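A short write-up of the structure that comes next.
Nothing in this text is a laboratory measurement; each read-out follows from the coordinates by a stated rule. Keep in mind the model is a prediction, meaning the values are calculated, not measured. Note: ideal-geometry Cβ built from the backbone for every residue, glycine included; neighbour counts use all protein chains shown.
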Amino acid sequence: MTLIIIFAAMLALVFVGVPILLSIATVTLIGASVLPGLIPALVPQKAFGMLDSFSLLALPYFILAGSIMTRGGMSAGLIEFSQTLVGHIRGSLGHTAVLSCTAMANISGSSTAEAAAVGSVTIPAMKERGYKPGMAAAIVAAASTIGPIIPPSMTMIVYGSITGVSIGGLFIAGIIPGLLIASLLMAVIFGLSFLPSNEALRRTLPRSTFKQIVHATVRVWPALLAPVVIMGGILSGIFTATEAGVVTCIYSLIVSKLWYRQLKWKEIPGVLVDAAVTTAMVAGVLGMAGVLGWLLSFLNFNDIVLSSLRGVTDNSFLMLTLLVVVMLVLTMILDGLAVIVVMIPTIVYVGTAFHIDPLQLGIIMVMITQVGGLTPPVALLLFITTSIARISFVEGIRHVWPFLGVIVGVMIAIMIFPGIATWLPGRMLGGG
């Protein structure tokens with residue numbers, strides 16, 4: 001009964017408009033005050049304990065790297081390069097958005113950062129060329145989900161730090177699913193261009209000459225080299241996945257200052273402030289969600305859930321399906337990061353009991369948080385892109401379903417064929 005009251009109170013606070021951070025903090029503080037054996041002083045202690053993790057040290061650096069990348073011209077260079085490669089194909093600017101998000105995923109690791117950076121350039125361009133604003137917003141929102149799936153990924157760092165699953169393994173496991181999503185999104189855009197109602201998608205840019213492709217490549221090669229530096233350093237043992245955040249930050253700063261030369265010294269304090277504010281927001285959610293997770297553990301939530309689910313099925317695939325459905329519902333109504341922190345210990349506990357591969361489960365959970373970014377009522381990614389397009393939220397939702405189907409389809413494929421996520425880590429890390 002206590003567990004029901006906790007979840008009901010938190011959901012009620014969220015639905016009346018209380019920010020997720022304050023909703024979780026209120027519920028946990030009251031719970032620690034009234035439950036026998038607990039005292040309110042444990043709340044800040046457990047929040048600090050959640051954040052006192054070596055793995056989480058990478059988060060502020062990846063956030064800072066994303067800010068530097070946006071201000072320093074790397075994102076604009078990647079968009080120009082993508083347009084040079086695919087601008088002549090039906091669905092021209094849509095493909096550009098997808099390819100840009102895929103390339104930026106190698107640096108930013110954040111879907112919201114990609115939605116804002118790529119959307120601010122490509123959505124106005126698509127509107128100018130006659131794209132439906134809702135279609136433009138939906139394309140960028142869907143493409144930005146690739147950010148946390150292709151390494152590096154802030155969501156994977158959080159997941160790995162909580163569960164103990166290899167962050168490097170998670171990074172590698174996301175490569176094939178991320179590229180598969182990008183390819184299928186481009187295929188859907190190409191297919192939609194044949195519909196009579198999507199005449200704008202059939203408009204293309206002139207095919208780039210070899211000289212133009214070479215020029216764009218020369219301009220953007222330092223950004224394209226970033227994943228080689230990051231993943232190469234991790235796989236060779238030069239630095240850990242956590243230390244990769246620092247490397248990415250330094251690399252982005254050097255490239256922005258010495259190659260693109262768009263980032264001025266006077267702009268760096270503003271970049272640092274932006275990154276600090278974002279880091280504080282993320283850390284606040286992580287800390288309070290960690291306290292809620294501790295409170296649920298105190299109430300034996302994991303064992304209660306496992307015993308209840310064992311009464312439903314003993315089949316591992318059906319259990320995985322059930323876990324996916326529960327997480328999808330939660331990420332539709334709550335912040336994905338908070339859901340990860342609160343629910344993942346329980347999800348992994350159940351997954352281990354049913355012998356579900358930890359890398360397979362990890363990639364699926366990361367993808368679920370991105371599905372939540374596209375589905376109402378929260379749909380944060382759509383909220384960002386529809387705001388850039390200056391249209392109603394509903395208009396964006398109307399066009400997002402084919403692209404959402406791609407992400408869900410790839411997730412289902414990983415559920416059925418775990419090798420999509422686990423084969424590459426096995427080969428590269430010597431486990432297969």
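The slack between ALA353 and LEU195, meaning 0.36 nm per residue of separation minus the straight C-alpha distance, is 52.1 nm.
Say a site is exposed when it is one of the trypsin sites (Lys or Arg not before Pro), sits in a DSSP loop, and has at most 16 other Cβ atoms within 10 Å; what is then the longest site-free stretch of the chain? My reading of the result: 1-128 is the longest stretch.
The angle separating the long axis of helix 316-333 from the principal Cα axis of greatest extent in the chain is about 80 degrees. List the aspartates and glutamates whose Cα lies under 18 Å from the Cα of LYS264, skipping any in the same chain that are fewer than 8 positions away. The reachable aspartates and glutamates, counting only those whose Cα sits under 18 Å from LYS264, are ASP274. Available extension along the chain between LEU380 and ILE4 is 132.7 nm, counting 0.36 nm per residue and deducting the alpha carbon span.
For segment 204-337, the equivalent ellipsoid derived from the alpha-carbon gyration tensor has semi-axes of 43, 23, 17 Å in decreasing order. Distance between the pseudo-spin-label points of VAL229 and LEU272 (7 Å out from Cα toward the beta carbon): 2.0 nm. For segment 341-410, the normalised intensity computed at q = 0.21, 0.25, 0.27 Å⁻¹ comes to -0.87, -1.05, -1.14 (log10 of I(q)/I(0), Debye sum over alpha carbons, equal scatterers, no solvent).
The protection proxy used here, the mean number of other Cβ atoms lying within 10 Å of each residue, ranks peptides 139-152, 162-175, 230-243 as follows, highest first: 139-152, 162-175, 230-243.
When we measure straight from the Cα of LYS211, which aspartates and glutamates land under 15 angstrom away, once same-chain ones fewer than 8 places off are left out? Straight-line reach from LYS211, under 15 Å: GLU80.
Fewest neighbouring Cβ atoms within 10 Å first, the residues PHE62, PHE54, PHE7 line up as PHE54, PHE7, PHE62. Working value for segment 1-84: equivalent-ellipsoid semi-axes of 40, 19, 9 Å, each the square root of 5 times a Cα gyration tensor eigenvalue, largest first.
Compute the helix-to-body angle for 111-128: its Cα long axis versus the longest principal axis of the chain, expressed 0 to 90° and rounded to tens. Taking the Cα atoms of the chain, the angle to 111-128 is about 40 degrees. Each of ILE24, ILE364 was scored by other Cβ atoms within 10 Å of its Cβ. Listed from fewest to most, they are ILE364, ILE24.
Report summary: the helix-based calculation at 222 nm, which adds -39500 (n - 2.57) for every DSSP H run with n ≥ 4 and divides by the residues of the chain, gives -24000 deg cm²/dmol.
Residues SER387, SER392 in ascending order of nearby Cβ atoms (within 10 Å, fewest first): SER392, SER387.
Dividing the convex hull volume of the alpha-carbon atoms in the chain by its residue count gives 146 Å³ per residue. The stretch between PHE48 and ALA125, if pulled fully straight at 0.36 nm per residue, gains 23.2 nm over its current Cα-Cα span.
Compute the long axis of helix 336-353 from its Cα atoms, compare it with the longest principal axis of the Cα atoms of the chain, and write down the angle in degrees, 0 to 90, nearest 10. The two axes meet at around 60 degrees.
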